[in-house]
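Heads up, the thing below is written out as structure tokens.
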Amino acid sequence: MRAVLRLLIVCTILLTGCSVQDRTSTSKTIDKIDAIEVLALDHEANIFQHEGVIYKTNIDWVNKLPFTKGSYIGKITKVHQKNTTFTNGMANELPVGTLLFSATERSDILLAEVDGILIPYLGIVEG
């Protein structure tokens, strides 16, 4: 009888030890996509780069949202030329001098002001 009891205790300990789950937390990182990747997916993409993030316009659901111009965050300083690396302040279609503003409604949207018209650009990330 003692042998059966010992066997049950050993089995219980082994089964309990094997069922302990790893309780460490996991986190998901969101990486930035670069201009080469965006343009490879959409050759006609209208983009610019600000603080290492590529922003793209002409996204249907973004165009349907109302936006309020927030604070000034910068301007376009360069137009992208073939065989050059995309850098901060560079755009492929916006003209040099275009002013960029935050959108008060969303932190992932920046607004480019062209001829008094605000154009929303969504920050492109991959997760």
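The values are calculated or read from the model by the stated rules, or taken from the named source; none is laboratory data. As the structure is a prediction and not an experimental result, all values here were calculated from the model. Neighbour counts are summed over all protein chains in view; Cβ atoms, including those assigned to glycine, are modelled from backbone coordinates with ideal geometry.
Data for the structure
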quantity: Hits in region 57-83 (condition: part of a strand (DSSP E or B) and among the aliphatic types (A, V, I, L, M)); calculated: 73, 79
quantity: Tally, over region 96-107, of residues that are in contact with a strand residue (DSSP E or B) (Cβ under 8 Å, 6 or more places away or on another chain) and part of a loop (DSSP other than H, G, I, E, B); calculated: 4
quantity: Top-ranked residue in region 31-45 [being under 18 Å from residue 120 (Cα atoms) and surrounded by fewer than 17 Cβ atoms within 10 Å (Cβ to Cβ); ranked as farthest from the chain's Cα centre (by Cα)]; calculated: 44
quantity: Any hit, region 40-47, residues being more than 22 Å from residue 95 (Cβ to Cβ), out of contact with any helix residue (DSSP H, G or I) (no Cβ under 9 Å at 6 or more places or on another chain) and part of a strand (DSSP E or B); calculated: no
quantity: Filter result for residue 92 (at pLDDT 95 or above and among the polar types (S, T, N, Q)); calculated: yes
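Conditions (1) part of a loop (DSSP other than H, G, I, E, B); (2) of a type in the set (Asp, Glu); (3) touching a residue at least 60 places away in the same chain (Cβ under 8 Å), marked per residue:
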site	(1), (2), (3)
55	no, no, yes
85	yes, no, no
94	yes, no, no
109	no, no, no
